[in-house]
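This report concerns only the one structure given below.
Derivation of every value follows stated rules applied to the coordinates shown; laboratory data play no part. Because the structure is predicted, anything quoted here is derived from the model rather than measured. Neighbour counts are summed over all protein chains in view; Cβ atoms, including those assigned to glycine, are modelled from backbone coordinates with ideal geometry.
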């Protein structure tokens, strides 16, 4: 497997575009279109929030068939909590796209991100979709990636290429963050494309597995949005042999999907609202994955821990408190902590001022890891988070104005 | 029941003191002592954090008998994650206090609050405890309240007086916040005293009930500390008739305890780290109390909601998203939201710009309520929270330095 340039249109058979259609107050790309030349096998994962946006419900419905050919996504407006009017707007987005492309409405996925509760401008959508279709390009992935951004500061693309049964297979994707980021999706959209040949049920299982170790292990602010979705479309062009025959091929493709998801997920954390640094939180020695994950995410979500990262303060007591607050049975006197390769706590007790000073140097880096060893089993989990800063407050105290 | 001046020493038979003994880096009261002239019935509730401080474990052990006569508490150091040395320090605090007072070690409760992981200065404790005992005063409650403060900006005291079976009964208490504040205790200490005559099991049940509707319904930052405790000592001096005979008397005393706990809890929120405003979050129309509570606390803990309160932005979409993220089954299209008496959302949909403007005016107040009506049942719950501000970051990015 090798990393290649580009994102979703690095995959043969996919076209994309990104334009400004008038949804955002401040001019900037706000409508993304991704189209496959052929009908695709499709899988999707959606927010666990009980308050779901209209496009989420529509796409959940359309993807039931396991077939899909296009994704239309807007930024600047979440089309959430918009009532029947919002439902109609989401449906119209799908219908207009389908009509312009000459495909069935059910083959179109709809996604939205942005402010909640404001009506979506149908005028913008009606003007925008025909223009989007007109400028579809084989290298339009980057424009599409830009058009799904809200408070994101940089474009998020990833792609890998590998050989499966002698055939070249590509997996590519784009994503957007960057607030309301928490497991079980966030205000996070991620669209993946691949030319692999795969059945819908297997694609879904593999996407779930990849998302569980990537998008579901990142957090910016512990918030879960109404609009999150991860979609994957597979057009089958690679003509690889079926996965049923070869576990090795399946593992190879899973690794490719994992790599693309993880790269995109880590970019979302890196671009977390107001973030100045990223931390990889590794929990080791847990009784099982679920417990390791619970602890990793509890620490990753602790405002006090995240603020101490911002201040480059090796305040490990807050980390111990966050571990203890996870509700997992453990023996505090067996816990070891270290930042990168600097041990800080041994058997639940601090290693002293010299260790604190060395750890502080690590915390001044833009990126570092925190390893938590529970010495209570063999399971592990890794989560990614960013620091909590003045800028997070600044951005979110005045988001709508 | 009437509110009276003072706090814990408003209760007949209780003495207290607060001094500086050398634990805090910056000189300020850091050792509090509360003593009853007579042995008391005692009840305590402790942090649910799996990583508990040495004084928490010691006090849990001592209170098993249901009898207690003194509380020794220090601020400036949590004596948490301090290993066997910390265990010895906590024990020594109890032993020294007991020896000076001429009572059994098991009659002394020990509490600590402050930075985690630093050894507690035994020298300070050894010098401080004899001095504390010497200056015990009948009006020393305020000094004790001051001596348990960490980043708190004001003293937290409350007291009420009522008649039970013709006898005058007093309930008084003190508390400290103000970061790591989250249900199931926080870095929160609260000490209550009363002269009521009550059995240990009943005192515990009544304290639990009061705490569940007060200290367990407040949040500053979603953090649960290693050191939280709420203690209540009852010396029986009031000579009231037993509660077994009268449900009315029991209800009257419960109301008094509730009032003192709630007043202290609300002061903790008001003094939340960096807080500029307080919000009462009322959830109505839930299927049961547990669900109402889960939603109230999910909203109360949302960084995005709290930051929008700081910015006086009536961004109700974030509130809807937080409600949906609570994991409670609900129908979003039945939800109504209002700030104080200003309706903002009806049946899950916003009421428009004029309503937003009116709500913004409410949000500019220092204190307001948010009412969430789920229209899905008859249960309700109320939580209290504060806004998330630049000052929270400033305080916590540099707490130890």
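Arrange the peptides A:372-381, B:44-53 so that the one whose residues have, on average, the most other Cβ atoms within 10 Å appears first.
Final packing ranking: B:44-53, A:372-381.
What number in nm² do you get for the stretch A:74-156 if you take the convex hull of its Cα atoms and divide its surface by four?
Details: hull surface 23.0 nm².
Orientation-averaged projected area of the Cα hull: 5.7 nm².
If you line up the long axis of helix B:122-134 against the longest principal axis of chain B, both from Cα atoms, how many degrees apart are they, to the nearest 10?
80
Taking each label point as 7 Å beyond Cα in the direction of the beta carbon, state the distances from residue B:137 to the same residue in the other copies, shortest first, in nm.
Spelled out, the distances from residue B:137's label point are 7.9 nm.
Find the chain B residue whose Cβ sits closest to the rotation axis that carries B onto A, and give that distance in whole Å.
Spelled out as residue then distance in Å, it is B:390, 3.
Work out the FRET efficiency for residue B:123 and residue B:60 from their Cβ-Cβ distance, taking R0 = 30 Å, and round it to the nearest 0.05.
It comes to 0.65.
Give me a single rounded figure for B:305-318: the average over its residues of other chain Cβ atoms within 10 Å of their Cβ. All intermediate terms of the calculation are to be shown ahead of the outcome.
Values: counts 2, 4, 11, 5, 1, 4, 9, 2, 6, 1, 9, 3, 15, 11.
Average neighbour count from other chains, rounded to a whole number: 6.
Could you list A:387, B:356 so that the one with the fewest beta carbons within 10 Å of its beta carbon is first and the one with the most is last?
Neighbour counts put them in this order, fewest first: B:356, A:387.
Across 5 Å bins from the origin, how do the percents of Cα pairs in the stretch A:1-99 run, short distances first?
Cα pair-distance distribution for the stretch A:1-99, in percent: 2, 11, 18, 22, 21, 14, 7, 3, 1, 0.
Round to a whole angstrom and tell me the spacing of the C-alpha centers of the stretch B:11-39 and the stretch A:299-363.
If you average the Cα positions of each part, the centres end up 31 Å apart.
Taking 25 Å as R0, compute the FRET efficiency from the Cβ-Cβ separation of residue B:213 and residue B:95 and round it to 0.05.
Using R0 = 25 Å, I get an efficiency of 0.10.
Give me the one-decimal nm value for the distance between modelled label points at residue A:67 and residue B:153, 7 Å along each residue's Cα-to-Cβ direction.
The answer from the label model is 6.3 nm.
Using a ≥ b ≥ c from the Cα gyration tensor of the stretch A:340-395 (square roots of the eigenvalues), is it rounded, prolate or oblate, where a/c under 1.5 gives rounded and otherwise the larger of a/b and b/c decides, a/b for prolate?
In terms of gyration-tensor shape, oblate.
How far, in nm, would the chain grow between residue B:245 and residue B:201 when pulled straight, counting 0.36 nm per residue and subtracting the alpha carbon separation?
Gain in length upon complete extension: 14.3 nm.
How many nm separate the modelled label positions at residue B:331 and residue A:27, each set 7 Å beyond the Cα in the direction of the Cβ?
The answer from the label model is 4.6 nm.
In Å, what Rg and Dmax follow from the Cα atoms of the stretch A:235-302?
17.1, 48
Along Cα→Cβ at 7 Å, what distances in nm separate the residue A:26 label point from those on the other copies, shortest first?
Between copies, matching label points for residue A:26 lie 3.7 nm apart.
Using alpha-carbon pairs under 8 Å, 6+ residues apart, how would you state the relative contact order of chain B in percent?
It rounds to 17 percent for chain B.
Taking each label point as 7 Å beyond Cα in the direction of the beta carbon, state the distances from residue A:85 to the same residue in the other copies, shortest first, in nm.
Nearest to farthest, the other copies are at 6.5 nm.
Over chain A, what number does the Rg to Rh ratio reach, with both radii from the alpha-carbon atoms and Rh per Kirkwood?
Values: Rg = 21.6 Å, Rh = 21.6 Å.
That ratio is 1.00, to two decimals.
What whole-number volume per residue, in cubic angstrom, does the convex hull of the C-alpha atoms of the stretch B:265-401 give?
In the stretch B:265-401, the Cα hull volume divided by residue count equals 101 Å³.
To the nearest 10 degrees, how steep is helix A:83-101 against the longest Cα principal axis of chain A, on a 0 to 90 scale?
Compared with the principal axis, the helix lies near 60 degrees.
Using the count of nearby Cβ atoms within 10 Å as a rough guide to exposure, how do A:188, A:68 rank from fewest to most? Mind showing how you got there, number by number?
Details: A:188 29, A:68 26.
Neighbour counts put them in this order, fewest first: A:68, A:188.
Taking R0 as 30 Å, what FRET efficiency do you get between residue A:378 and residue B:48 from their Cβ-Cβ distance, rounded to the nearest 0.05?
Values: r = 27 Å, r/R0 = 0.90.
That pair, residue A:378 with residue B:48, gives E of 0.65.
Please compute, for peptide B:324-332, the average count of beta-carbon atoms on other protein chains lying within 10 Å of each residue's beta-carbon.
5
How high is the relative contact order of the stretch B:89-132, given as a whole-number percent (alpha carbon pairs under 8 Å, six or more residues apart)? Can you show the working numbers first?
On the way: 26 pairs, mean separation 20.2, N = 44.
Computed value for the stretch B:89-132: 46 percent relative contact order.
Of all the Cα-Cα pairs you can form in the protein assembly as shown, what percent are over 37 Å apart?
Details: 148620 of 321201 pairs.
Above the 37 Å cut-off, the protein assembly as shown has 46 percent of its Cα pairs.
Distance between Cα centroids, the stretch B:220-289 to the stretch A:89-137: provide it in whole Å.
The two parts, judged by their Cα centres, are 53 Å apart.
Report, to the nearest 10°, how far helix A:289-300 tilts away from the longest principal axis of the Cα atoms in chain A, using its own Cα long axis and a range of 0 to 90°.
Roughly 80 degrees between the two axes.
If you count, for every residue in A:43-54, the Cβ atoms of partner chains within 10 Å of its Cβ, what is the mean?
The per-residue average across the peptide is 4.
Taking 8 Å as the Cα distance limit and 6 or more residues as the minimum spacing, I'd like the relative contact order of the stretch B:278-397 as a percentage.
Relative contact order of the stretch B:278-397: 46 percent.
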